[in-house]
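Quick notes on the structure that follows.
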Amino acid sequence: MVHQRRAIESGVPDHLPHLHPLLRRNYGKWKWHDRPRPGVLHHVAESGEEVWSVRAGTQRQLDVYTIRKLCDIADEHADGFLRFTTRSNAEFMVDSADKVAPLIASLNGAGFPVGGTGNSVTMISHTQGWLHCDIPATDASGVVKSLMDALHHEFTHEEMPNQVKITTSCCQINCGGQGDIAINVQHTKPPVINHDQVGKMCERPAVVSRCPTAAIRPAMVNGKPSLEVDEKKCVCCGACFPPCPPMKINDPDYSKLAIWVGGKHSSTRSKPTFHKLVAAGLPNNPPRWPEVTEIVMKILTAYKENARPWERMSEWVGRIGWPHFFELTELPFTKYHVDNWRTSRDSLNASAQLRF
Amino acid sequence: MSKAMPETPLLDQLESGPWPSFVSGLKRLAASDDKPYAPMMKDLLGQLERSYQTRKGYWKGGTVGVIGYGAGVIPRFSEIADEFPDSAEFHTLRLIPPPGTHYSTALLRSLCDIWEKYGSGLIALHGQTGDIMLQGCSSENVQPCFDEANELGFDLGGAGAGVRTSISCVGAARCEQSCYDEAKAMRLIVNNFLDEMHRPSLPYKFKFKFSGCANDCSNAIQRSDFAVFGTWRDDMQVDQDAVRVYVAKHGRKWIIDNVIRRCPSEALSLNDDDSLEVDNKSCLRCMHCLNVMTKALKPGRERGVSVLIGGKRTLKTGDMMGTVVMPFLRLENDEDYDKLLDLAKRIVEFFIDNALEHERIGEMVDRIGLVDFLEGIGIEVDPNMISHPRTNSYIRTDGWDEEVAKWKARKDAGLAAAV
């Protein structure tokens, strides 16, 4: 018998050995910060020590050559330390203002844009897609690459009213999360069921209970135990597909992309909000999804030109109202924009306050 | 002769443009004919190109893991392995990064070396839940890869119906707005639930996230079942001289438009002498004015956390934000941190005992009601937990006098808002 190594269940590792020494020395004792230019944060500690952090965009799906390149840059300029933001930007810390420009030159020279701070459009948080996921209808990496190419200026400049966080997701489970703008798959047809496979591959009661609209029920089809879908009840969410792969929800033509706006995590000024549907029915069009980029740019332009400083997307729309939003973005308003899920009444206009 | 690079006319179109290209990275790996992973990455590119052509995914799950663990490896088997045999198995190992995702280059380089030896050379930094994602490992190499990464100091993260890998913001390491030691809280709590992470047996997934303030840089409120936010209970700190510098530099109108009028609870006023008046009783700790005047305003000195429970995305019953169940818990000494851990234990235990299969804790609270949940975990109600009191009369109130007596007793003891 082969020796079985017992795992060291060490859990979350200690971060202190991996902190830049300046951060370690001043841990929990920071006084204030400012942003000398886009992509650079400047923090001052109570001790008087200062640190400049330079933020660079990455492709998130990193090959070891790219990671080593980032390490080379950190070794050359930043004392051998770096960190990543939740949106896959790499940050390099240096201890003097003089070191910022050479670091930026190195990053730009290696193809990494510097930016993503303050009121810019930062890197898009995204999901795995066709590269690695078992249930995706699209490829987030490609959508993100295409969008970030178009948003390069907005990443490297701080010209938006406030920060813009964009997310993408390759199915309606929405691992990408909430965003000022979210680009998510929206299926438009019920699953196509391979009845020969369901009985063998799926735990049928679990699949039945997974459905949010109780549209799935056990059935014998062609003498085999299977599942059937009440297509009138089905909302095409795809929740049945992960536990039961024979219920194919993904379709090259019927799995569309939808765009949502106004998601916000922070409790800053307004309470956090969920993003809202503004456009659907966009074709899943690799390799560059131009229809998506076009609408995203339209929304961003309207926001940039019309929102006041510090207004996030949701706060801007809250002030100007949805009628004006659809006017400014020239997006059609349809019956599908009106919610009919459990708490939908809260989204109706229960007032005599109207906008024309 | 080495295997030929696949034709990838569609993916090639993602190599142009100013943003770093993941396709160029995949190609670099595929072209590394001196590395063991080159054939795998060639077939991976071939399969991905096929997906771009057909607009279909070709991965299926399965069962792959390491000895002693029931989670942390995401199995991927190709459905078109006959055409792309070298990437037939392309599993992901999820590794837990250091809090704040800080790295010494030595650590990252060592990880790259291990991954070049056993895997594809492709790493996502980081997955949406916060893991380092080593993507592309054969079934055979999963165990030795984990063993070496484990010896280097990494452990596998969560997957399935268990406690998941966590995220904390940069926090105390580099932010003056941090109200507690996020990394310490995260390590204390998550490392206490490693059994629930490595051998998942909860009703469904459970995510902790840690943000140092209401800016929520770790995206906790909507992405975690147990969201911890830094806050303070006393008055915010104001450096009036620094306020005057802002006024002198930007003008009164700018301060009024961008600070005073943007305060959501109208807690701010600009005095005639250009100092700032703060009505701390009305302040929501929302962070806006602190974000604008970073040199003049800071959180107060009596710092701690609030805990919000139940954030999640759509499945199954619809999107949910976390809601407050602990308005304030002071976090200064180790004993305070243990109280936070104790709260986490009580909540996870209650979740295990009461949630239905595949039900997130937010959905469970929605089903049973906040009051029953609070009673279950031993926390008293507090007006900070609601937006407003009930608007319907469908409630039996025959225990009113007893509840009033409890409230008065708590108030007298000065404990209305804390454990």
Taking chain B as a whole, which cysteines find no other cysteine Cβ under 4.7 angstrom from their Cβ?
B:CYS112, B:CYS137, B:CYS145, B:CYS175, B:CYS179, B:CYS213, B:CYS263, B:CYS283, B:CYS286, B:CYS289
Once the convex hull of the C-alpha atoms of segment B:46-179 is built, how many Å³ does it hold per residue, rounded to a whole number?
141
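If you take the Cα atoms of segment B:242-379, find Rg, then find the Kirkwood Rh from the mean of 1/r over all pairs, what is Rg/Rh?
Across segment B:242-379, the Cα-based Rg/Rh ratio is 1.13.
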Could you let me know the centre-to-centre spacing of segment B:333-374 and segment B:128-156, using Cα atoms, in angstrom?
30
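Please get the size of the charge dipole for the protein assembly as shown, origin at its Cα centre, with Cβ charges of +1 on Lys and Arg and -1 on Asp and Glu, quoted in debye to the nearest 20. Working shown, then result.
Values: 91 positive and 98 negative charges, 275 e Å.
The dipole of the protein assembly as shown has a size of about 1320 debye.
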Cysteines in chain A that, by Cβ-Cβ distance, have no pairing candidate under 4.7 Å:
A:CYS71, A:CYS133, A:CYS170, A:CYS171, A:CYS175, A:CYS211, A:CYS234, A:CYS236, A:CYS237, A:CYS240
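Antiparallel as a % of all DSSP beta bridges within the protein assembly as shown, to the nearest 5?
Numbers: 78 of 91 bridges.
The antiparallel fraction comes to roughly 85 percent.
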Under-5 Å amide H pairs with B:ILE167, H placed in peptide plane, nonlocal only
B:PHE210
From the backbone phi of segment A:328-342, what are the Karplus-calculated ³J(HN,Hα) couplings (6.51 cos²θ - 1.76 cosθ + 1.60, θ = phi - 60°) in whole Hz, Gly and Pro given as x?
5, 8, 6, 8, x, 9, 10, 5, 6, 6, 8, 5, 9, 7, 2
Note the direction-averaged projected area, equal to a quarter of the hull surface, for the Cα convex hull of segment A:16-109, in nm².
6.1
Per-residue ³J(HN,Hα) for segment B:168-173, Karplus 6.51 cos²θ - 1.76 cosθ + 1.60, θ = phi - 60°, Hz, x for Gly and Pro
10, 6, 5, x, 3, 5
Looking at the protein assembly as shown, what % of the alpha carbon pairs are farther apart than 34 Å?
49
How compact is segment B:88-137 by the rule of thumb for globular proteins, expressed as Cα Rg over 2.2 N^0.38 Å?
1.11
Where the centroid of each part is defined by its Cα atoms, how far is segment A:331-356 from segment A:173-195 in Å?
22
Calculate the radius of gyration of the Cα atoms of segment A:135-264 to one decimal place, then report Dmax, the largest Cα-Cα distance, as a whole number, both in Å.
18.2, 64
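Please compute the Kirkwood hydrodynamic radius over chain A, one decimal place, Å, based on all pairs of different Cα atoms.
Details: mean 1/r = 0.0432 Å⁻¹.
The Cα-based Kirkwood calculation yields 23.1 Å.
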Counting sequence-distant residues (5 or more places) and residues on other chains, those with an amide H built under 5 Å from that of A:LEU227 are A:ALA219
Relative contact order in percent for chain B (Cα pairs under 8 Å, 6+ apart) equals 11
Selection of trypsin sites (Lys or Arg not before Pro), segment B:353-394, meeting DSSP coil and at most 14 other Cβ within 10 Å:
B:ARG390
Using a 10 Å cut-off around each Cβ of peptide B:66-78, what is the average number of partner chain Cβ atoms that fall inside?
2
For chain B, what is the convex hull (Cα atoms) projected area averaged across all directions, in square nanometres?
26.6
Two decimals is fine: what is log10 I(q)/I(0) at q = 0.15, 0.23, 0.26 Å⁻¹ for segment A:192-241, from a Debye sum with one equal scatterer on every Cα and no solvent?
-0.34, -0.80, -1.01
Between segment A:55-105 and segment B:11-40, the Cα center-to-center distance that results, in Å
21
Each residue of segment A:156-168 in turn: what ³J(HN,Hα) in whole Hz from Karplus with 6.51, -1.76, 1.60 and θ = phi - 60°, glycine and Pro shown as x?
8, 10, 10, 10, 7, x, 8, 4, 10, 10, 10, 10, 9
What the 5 Å binned alpha carbon P(r) of segment B:237-298 shows, as percent of pairs per bin from 0, is 4, 20, 35, 29, 10, 1
I need the P(r) histogram for segment B:191-272: all alpha carbon pairs, bin width 5 Å from 0 out to the longest distance, whole percents.
3, 11, 14, 14, 14, 12, 8, 7, 6, 6, 5, 2, 0
So what is the relative contact order for segment A:16-109, in percent, with contacts set as C-alpha pairs under 8 Å and at least six apart?
26
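Computed from the coordinates by the stated procedures, all read-outs in this text should not be read as laboratory data. All figures in this text were calculated on a predicted structure; none of them were measured in a lab. We place every Cβ from the backbone using ideal geometry, glycine too, and count neighbours over all the protein chains shown.
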